[in-house]
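The values are calculated or read from the model by the stated rules, or taken from the named source; none is laboratory data. The structure displayed is predicted, hence computed values, not measured ones. Every residue, glycine as well, gets a Cβ built from its backbone with ideal geometry; the counts of neighbours run over all protein chains shown. Ligands, DNA and RNA are excluded from the accessible area calculation, which covers all protein heavy atoms including side chains. Shrake-Rupley method; radii C 1.70, N 1.55, O 1.52, S 1.80 Å.
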Amino acid sequence: MRRSVLGKSKIEYTDYYCNFYEGCEHGCIYCYSRMIKRKSYYEWINSKPILNAVDLLRQDIARLSEIPKDILVSSSTDPYQPKNDRLGLTRQVLQVLIDKGLPFSILTKSASVVHDLDLFENYPKCKVGFTIITLDNLVGLSAEPFASKISDRITVLRILKDRGVKTWLSVEPILPNLELSNPFDIVHKLGDYVDWFVFGRLNYAKAPKDYYRDMVPKLVDLCNSLGVKYLIKRELKDSI
Ligand code: SF4
């Protein structure tokens, strides 16, 4: 039985995480969380909500010894599971964070995040991000079979930006094949709608080091030339 949903994060761009689903219906073939938790694919996509997440979160917040700079919602699952459309659990969790005045960053692959737009546009301490590793719907469907179509994520990203919500994009993992996963095209096409990019590599597979070594300086040049704000994650930086 879970005793908490809020914890200290080791991810370099955030200091806390909030996870209130176990597993993830989106079923990405590259899912690092599934590998860390040693779940079979079918166990993983049969995700389960932490039904007392709101009570646990209130307890976790009461025990905090510091004010988080940022809470990533979520780090080891996606907060907008397809079943969340029915359960509405994420909205309840966000409402607690908002009531407590805590900053948070959403990270999702679901266009359903737009249903909580009213919360985001009235709360300046949040930013909303998508993972997008390709602009190709077919590649997206192959790699992230049960997540929202890439084009739907982009539509919602534009809506969020137009409505004044701070946005970010996680381009991770960049697959080591420019035809499948082209971060240059992503920056060119979406740069106007994204306040901050995070780039990360494929960590566990044998991605050719040379590939990232050649790519990263060019990516840095592109972002700088366009005035785009970005973070190159540590593991990706280490490969150059
Ligand atoms: S959305 Fe994230 S947590 Fe869910 S399967 Fe994909 S990589 Fe894993």
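A few points about this structure:
- Candidates Glu172, Glu235: the one that is touching a strand residue (DSSP E or B) at 6+ places or on another chain (Cβ under 7 Å), under 21 Å from Ile154 (Cα atoms) and among the acidic types (Asp, Glu) is Glu172.
- Residue that is farthest from the ligand (Cβ to nearest atom), among those in the stretch 99-116 that are among the hydroxyl-bearing types (Ser, Thr, Tyr) and touching a helix residue (DSSP H, G or I) at 6+ places or on another chain (Cβ under 9 Å): Ser112
- Residue that is modelled with pLDDT of 95 or more, touching a Cys at 6+ places or on another chain (Cβ under 6 Å) and of a type outside the set (Phe, Trp, Tyr), where the choices are Val54, Val73: Val73
- Residue in the stretch 157-168 that is within 16 Å of the chain's Cα centre (by Cα) and among the aromatic types (Phe, Trp, Tyr) present: yes
- Within the stretch 70-94, considering residues that are away from the ligand (no atom under 16 Å from the Cβ) and over 15 Å from Asn19 (Cα atoms), the one surrounded by the most Cβ atoms within 10 Å (Cβ to Cβ): Leu87
- For Asp60, the stated conditions do not hold, so it cannot be described as closer than 17 Å to Ser170 by Cα, touching a residue at least 12 places away in the same chain (Cβ under 8 Å) and either open to solvent by less than 90 Å² (accessible area, probe 1.4 Å) or more than 13 Å from the ligand (Cβ to nearest atom) (or both).
- Any hit, the stretch 16-25, residues being open to solvent by 20 Å² or more (accessible area, probe 1.4 Å), in contact (Cβ under 8 Å) with a residue 24 or more places away in the chain and more than 10 Å from the ligand (Cβ to nearest atom): yes
- Options Lys10, Lys48, Lys39; residue that is of a type in the set (Lys, Arg) and away from the ligand (no atom under 14 Å from the Cβ): Lys10
- Any chance Tyr32 is aromatic (Phe, Trp, Tyr), within 9 Å of the ligand (Cβ to nearest atom) and either open to solvent by 40 Å² or more (accessible area, probe 1.4 Å) or touching a residue at least 24 places away in the same chain (Cβ under 8 Å) (or both): yes
Yes/no matrix, rows are residues, columns are (1) touching a residue at least 40 places away in the same chain (Cβ under 8 Å); (2) open to solvent by 60 Å² or more (accessible area, probe 1.4 Å); (3) assigned to a helix (DSSP H, G or I):
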| position | (1), (2), (3) |
| --- | --- |
| Phe184 | no, no, yes |
| Val187 | yes, no, yes |
| Leu190 | yes, no, yes |
| Val198 | yes, no, no |
| Tyr204 | yes, yes, no |
| Asp214 | no, yes, yes |
| Leu219 | no, no, yes |
| Cys223 | no, no, yes |
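- Annotation note: Cβ proximity below 8 Å between a residue of the stretch 129-140 that is modelled with pLDDT under 95 and open to solvent by less than 10 Å² (accessible area, probe 1.4 Å) and a residue that is away from the ligand (no atom under 12 Å from the Cβ) and not in a loop (DSSP other than H, G, I, E, B) (sequence gap 6+ or interchain) occurs for no pair.
- One residue stands out in the stretch 174-190 among those that are under 16 Å from Ile232 (Cβ atoms) and of a type outside the set (Ser, Thr, Tyr): the one that is modelled with the lowest pLDDT, namely Pro176.
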